Structures are given as C-alpha cells and as structure tokens.
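The values are calculated or read from the model by the stated rules, or taken from the named source; none is laboratory data. It should be emphasised that the depicted structure is a prediction, and the values quoted were computed from it without experimental measurement. Because the Cβ atoms are built from the backbone with ideal geometry, glycine has one as well, and the counts that use them run over all protein chains shown. For accessibility, only protein heavy atoms count, side chains too; no ligands or nucleic acids. Shrake-Rupley method; radii C 1.70, N 1.55, O 1.52, S 1.80 Å.
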Amino acid sequence: QVHLVESGGGLVQAGGSLRLSCAASGSIFAFNAMGWYRQAPGKLREEVAIVTDTGDTNYKASVKGRFTISRDSARNTVYLQMNSLKPEDTAVYYCTATANLRYWGQGTQVTVSS
C-alpha cells in the first residue's frame, strides 16, 4: 500500500507563488518517476511536471520557466515551486508516483485570482 500526501495549495493573487509538497509512504522504497498533474473544472487531467529517478525533468509548455519540480529521493518527496502564477493555473493539483504501478494523491486545490 502506498500513500501520497500533498500539501501547500491555497489561494494566491496572480503573479504570486506557491510551493506544493508531496510525501510518499508505504511499501515502495523507490519510485521511477514522481510528478504533478492538474485538473481544472470541466477539463481533462493534464501533466504539469515530472522528475525521474535520474533527475531528468519534463514540463508542460505553459509552465516552463515559471514552475520548478524537485525531488528528495531519500525521503520519497517531490516538490513543485510555482512562481508567476496565472489565473489559468487554477486547478486541483495531484501528486503522482510511479513504480510497478502509478499512484495518486488526493489532490490539493490551487486558486489564482486575477
């Protein structure tokens, strides 16, 4: 059993910053990749940023240069530093971790006001 617990969401004005954290616990000692997805109302869930166990990263085009993903593999924790937030970044953000299966957190709301 694997549990992913997110924290750090909230309400921020456009141009502001938030830092999301996600800690994984349970029966998996290491994950191939960890990252973040988001889902806005009425839209499909989309990948935001991924970091692999070798440190390679991939970002959604619209967040490049504004968001930074990082990972503490020893603690099975992944972070998402979000700067210069825009109203269109408003969504529920989900942490994900992949080993033999893909695991998901419960989601944390990020709301950016204009």
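Numbers for the structure displayed
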quantity: Accessible surface ranking that places the most exposed of 45, 38, 71 first, with a 1.4 angstrom probe; calculated: 45, 71, 38
quantity: Average accessible area per residue (Å²) across the range 30-111 - probe 1.4 Å, nucleic acids and ligands excluded; calculated: 50 Å²
quantity: Whole-angstrom Cα spans of the range 43-99 along principal axes, big to small; calculated: 34, 23, 17
quantity: Reach of residue 86 by Cα under 18 Å, taken over aspartates and glutamates that are not fewer than 8 positions away in the same chain; calculated: 46, 47
quantity: Percent of alpha-carbon pairs separated by more than 25 Å within the chain; calculated: 16 percent
quantity: Karplus-derived HN-Hα couplings along the range 52-62 (A = 6.51, B = -1.76, C = 1.60, θ = phi - 60°), whole Hz, x at Gly and Pro; calculated: 8, 6, 9, x, 5, 10, 9, 10, 4, 4, 6
quantity: Farthest toward positive dipole pole in the chain [+1 Lys/Arg, -1 Asp/Glu at C-beta], among 51, 105, 93; calculated: 93
quantity: Two-site label geometry, residue 106 and residue 56: point separation in nm, points 7 Å out along Cα→Cβ; calculated: 3.4 nm
quantity: Amide proton proximity set for residue 16, modelled H, under 5 Å, gap of 5+; calculated: 85
quantity: Amide proton proximity set for residue 48, modelled H, under 5 Å, gap of 5+; calculated: 36, 37, 38
quantity: Candidate aspartates and glutamates - alpha carbon under 16 Å from residue 43, same-chain residues fewer than 8 apart omitted; calculated: 88, 89
